[in-house]
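The values are calculated or read from the model by the stated rules, or taken from the named source; none is laboratory data. A quick note: this is a predicted structure, and the numbers were derived from the prediction, not measured. Neighbour counts run over all protein chains shown; Cβ positions are idealised from the backbone, glycine included.
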């Protein structure tokens with residue numbers, strides 16, 4: 001059952017395309033969350049996605065200690081987007097964001113970037129991550145990757161007895177902007193990557209097809225592409241000891257966390273591992289701190305994961321508690 005404050009779906013007056021915002025919670029403050037632009041087979045699929053993603057943003061902000069709630073927005077890219085149509089649907093989306101009167105504040109997500117936020121800003125003041133030359137913080141990929149690397153340090157220390165992954169085999173599923181930065185940050189590790197875009201293949205790292213990434217025998221799996229990748233069937237085939245990555249909503253349902261636990265696989269929830277981007281952006285754009293101070297806050301994810309994994313070891317009703325059930 002969904003517990004959201006508000007869901008609004010609109011057909012844009014300029015573009016004729018569907019745009020939507022799901023506001024999960026403003027209990028801790030104005031809700032923040034990215035604007036996703038992608039095709040969906042059905043509108044109901046887009047609605048399910050935006051609802052799940054917005055709830056995950058509430059959890060992400062809570063885990064990071066950020067005084068904001070969670071929301072998310074989706075633009076359904078149901079046709080080829082010319083530059084003119086893309087601009088039109090972004091302006092339509094900005095109109096919708098304004099309906100929330102500041103209760104929802106948008107940033108980039110899958111399919112959007114800083115230049116798109118600049119278009120939103122023409123209509124609404126509630127947009128983060130504009131290009132740096134326009135006064136924003138630009139892409140959040142770097143801080144997101146840095147946060148995942150911080151989470152990996154804590155999780156590796158817990159799982160392997162050392163934060164150093166030198167010589168460990170790491171498989172990264174999704175070699176986009178964040179996945180590539182994670183790969184390059186794993187000095188000394190034996191890194192294999194995978195992506196649906198074959199053109200991203202490089203001799204610098206090992207390569208497997210996307211359908212093989214979750215079956216490779218390795219020490220660490222880093223889901224860095226789409227969500228919904230950890231199903232009961234997939235988890236039964238995993239040959240890793242640790243799963244940490246930035247992909248949102250990795251589990252197909254909450255029960256998969258218990259299955260990971262049963263198999264002895266340590267999983268750091270994505271809403272913890274992927275929080276670096278929102279931590280950095282809000283530190284810079286809301287709190288006005290400098291770059292280095294904001295990065296220090298991102299590095300705090302390591303301590304958060306350490307607390308989470310210690311809590312995991314506490315007995316609850318005589319048995320270890322699944323990671324997904326533990327508070328921060």
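Among the residues examined, residue 102 does not qualify as closer than 14 Å to residue 277 by Cβ, modelled with pLDDT of 95 or more and either assigned by TED's automatic domain parsing to the domain that holds residue 248 or out of contact with any strand residue (DSSP E or B) (no Cβ under 8 Å at 6 or more places or on another chain) (or both). Selection of segment 54-67 for residues being surrounded by fewer than 24 Cβ atoms within 10 Å (Cβ to Cβ) and either farther than 15 Å from residue 286 by Cβ or in contact with a strand residue (DSSP E or B) (Cβ under 9 Å, 6 or more places away or on another chain) (or both) yields 55, 56, 59, 62, 63, 66. Before we move on, is residue 118 touching a helix residue (DSSP H, G or I) at 6+ places or on another chain (Cβ under 8 Å) and more than 30 Å from residue 295 (Cα to Cα)? Here the answer is no, as residue 118 does not meet what is asked. With the condition kept exactly as written, say whether any residue in segment 127-134 is in a helix (DSSP H, G or I), farther than 28 Å from residue 292 by Cα and at pLDDT 95 or above. Looking through segment 127-134, none of the residues is in a helix (DSSP H, G or I), farther than 28 Å from residue 292 by Cα and at pLDDT 95 or above.
Residues in segment 156-193 that are in contact with a strand residue (DSSP E or B) (Cβ under 8 Å, 6 or more places away or on another chain) and assigned to a loop (DSSP other than H, G, I, E, B) were compared, and the one that is surrounded by the most Cβ atoms within 10 Å (Cβ to Cβ) is 174. If the condition is being without any contact (Cβ under 8 Å) to a residue 60 or more places away in the chain and assigned to a helix (DSSP H, G or I), then segment 290-307 contributes 291, 292, 293, 296, 297, 307. Only one of the numbered conditions (1) crowded, with 19+ Cβ neighbours inside 10 Å; (2) in contact with a helix residue (DSSP H, G or I) (Cβ under 9 Å, 6 or more places away or on another chain) is not met by residue 221, and that is (2). Residues of segment 120-153 that are in contact with a strand residue (DSSP E or B) (Cβ under 9 Å, 6 or more places away or on another chain) and farther than 23 Å from residue 30 by Cα: 148, 152.
Based on this model, can you work out whether residue 87 counts as surrounded by fewer than 18 Cβ atoms within 10 Å (Cβ to Cβ), assigned to a loop (DSSP other than H, G, I, E, B) and at pLDDT 95 or above? So residue 87 fails the test. If you go through segment 280-296 one residue at a time, do you hit one that is in contact with a helix residue (DSSP H, G or I) (Cβ under 8 Å, 6 or more places away or on another chain), closer than 17 Å to residue 159 by Cα and outside the structural domain of residue 33 (by TED's automatic domain parsing)? No, there is no match, as no residue in segment 280-296 is in contact with a helix residue (DSSP H, G or I) (Cβ under 8 Å, 6 or more places away or on another chain), closer than 17 Å to residue 159 by Cα and outside the structural domain of residue 33 (by TED's automatic domain parsing). Checking every residue in segment 63-71 against the condition of being within 14 Å of the chain's Cα centre (by Cα) and in a helix (DSSP H, G or I) gives at least one match. Consider segment 8-26 and keep the residues that are without any contact (Cβ under 8 Å) to a residue 60 or more places away in the chain and within 10 Å of residue 70 (Cβ to Cβ). The one that is surrounded by the fewest Cβ atoms within 10 Å (Cβ to Cβ) is 25.
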